[in-house]
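Comments concern the structure below.
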Ligand SMILES: NC(=O)c1ccc[n+]([C@@H]2O[C@H](COP(=O)([O-])OP(=O)(O)OC[C@H]3O[C@@H](n4cnc5c(N)ncnc54)[C@H](OP(=O)(O)O)[C@@H]3O)[C@@H](O)[C@H]2O)c1
């Protein structure tokens, strides 16, 4: 096999054009591990990379795809051998290194996680970067002692990739889940992923400039940042925590110190990209074992759409416009 199929993003006079093309295998970067990709998934960052966002991808043409699960076909590192099933998420994959929306990736060995036994390659990408980040966010809250008895947990951007999996995980860990969403008309969809109460963006934004509001949640997983996060911290109960992992609503926050110095709130940063590989492995093991809940197949059936590589450009467009519910899984080979 000297060629492979890949999503190819090129800059043209009319903007950025995405096509699926045949590429020569020897054009991939020279790295320790060559992986034949079985599945990838679509994340907001892929939509940005595919549309010329130079904060994500500096130069084009380029193949996006920040995650991939597949089988090692060649390894120059003794940690991996031909036939090993592996997962790669984060680091530079799909940003400035040719990404997982292709039949092959070539990556440094220290980006690669051996797939835990109790999860399939497909299941790993049903999670993908978004699900991994949701798991890491929930794990972060559990580590600071957040427990179901303390009260409801809010998830913002709840219909998105990170948000929907955070809702489902929290429900399975016996939390009462409240979901902040712009899709208030999708009550049945949210109920099926474990949400008990929908919260409107307007209600949270209405807290306005007051330094603190009525306490409503023991904790939150925040995927949107901006004015919403600025207000959510005002409504977290004494000693509670917010895991902050995204910026769909904005990168800046504006808050007084009062929630922190009067209520002892913790704002906890969550990063899945540069997270040390050993911690990545621990989280994947947790996903594959303790958190392999019985209703996983039902959850993915409801919240995940499987597409082919050829269908990726249209799906990325939907993500960019915020019109999706849940996640896209990409079957590559
Ligand atoms: N820290 C990390 O390691 C890490 C890893 C993965 C992703 N992320 C970040 O996490 C965020 C979510 O990623 P994702 O893959 O879940 O994206 P996504 O699937 O596009 O979901 C984002 C959700 O945020 C809500 N939203 C969108 N625009 C908004 C706005 N202007 N104001 C308020 N809410 C808005 C929407 O949900 P509703 O309609 O339900 O409100 C949308 O579905 C992104 O910023 C992404 O870059 C960070």
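Looking across the range 247-270, the residues that are out of contact with any strand residue (DSSP E or B) (no Cβ under 6 Å at 6 or more places or on another chain), in contact (Cβ under 8 Å) with a residue 40 or more places away in the chain and either in a helix (DSSP H, G or I) or over 19 Å from residue 209 (Cβ atoms) (or both) come down to 248, 258, 259, 262. In the condition set (1) more than 20 Å from residue 252 (Cα to Cα); (2) in contact with a helix residue (DSSP H, G or I) (Cβ under 6 Å, 6 or more places away or on another chain), residue 189 is compliant with all but (2). Taking residues in the range 306-325 that are in the same structural domain as residue 249 (by TED's automatic domain parsing) and within 11 Å of the ligand (Cβ to nearest atom), and partners anywhere that are in a strand (DSSP E or B) and modelled with pLDDT of 95 or more, not one pair has Cβ atoms closer than 8 Å while being at least 6 places apart or on different chains. Tallying residues that are more than 8 Å from the ligand (Cβ to nearest atom), in a helix (DSSP H, G or I) and touching a strand residue (DSSP E or B) at 6+ places or on another chain (Cβ under 6 Å) within the range 157-176 yields 4.
Would it be correct to say that residue 179 is modelled with pLDDT of 95 or more, more than 10 Å from the ligand (Cβ to nearest atom) and part of a strand (DSSP E or B)? Judged against the criteria, residue 179 is not a match. Please go through the range 159-172 and pick out each residue that is in contact with a helix residue (DSSP H, G or I) (Cβ under 8 Å, 6 or more places away or on another chain) and in contact (Cβ under 8 Å) with a residue 40 or more places away in the chain. Selection gives 159, 160, 161, 162, 163, 164, 165, 166, 168, 169, 170.
Filtering the range 213-234 to residues that are under 18 Å from residue 261 (Cβ atoms), touching a strand residue (DSSP E or B) at 6+ places or on another chain (Cβ under 9 Å) and more than 16 Å from the ligand (Cβ to nearest atom) leaves only 215.
Set side by side, the residues 154, 141 differ, and just one is part of a helix (DSSP H, G or I), farther than 30 Å from residue 60 by Cα and touching a helix residue (DSSP H, G or I) at 6+ places or on another chain (Cβ under 9 Å), which is 141. Taken as a whole, the structure leaves residue 333 outside the set of residues that are away from the ligand (no atom under 13 Å from the Cβ), in contact (Cβ under 8 Å) with a residue 24 or more places away in the chain and crowded, with 17+ Cβ neighbours inside 10 Å.
Kindly provide the set of residues from the range 261-291 that are away from the ligand (no atom under 14 Å from the Cβ), surrounded by fewer than 14 Cβ atoms within 10 Å (Cβ to Cβ) and under 24 Å from residue 157 (Cβ atoms), ordered by number. Of everything in the range 261-291, nothing turns out to be away from the ligand (no atom under 14 Å from the Cβ), surrounded by fewer than 14 Cβ atoms within 10 Å (Cβ to Cβ) and under 24 Å from residue 157 (Cβ atoms).
The values are calculated or read from the model by the stated rules, or taken from the named source; none is laboratory data. Computed from a predicted model, the values in this text were never measured in an experiment. Please note: Cβ atoms are built from the backbone with ideal geometry, for glycine as well, and neighbour counts cover all protein chains shown.
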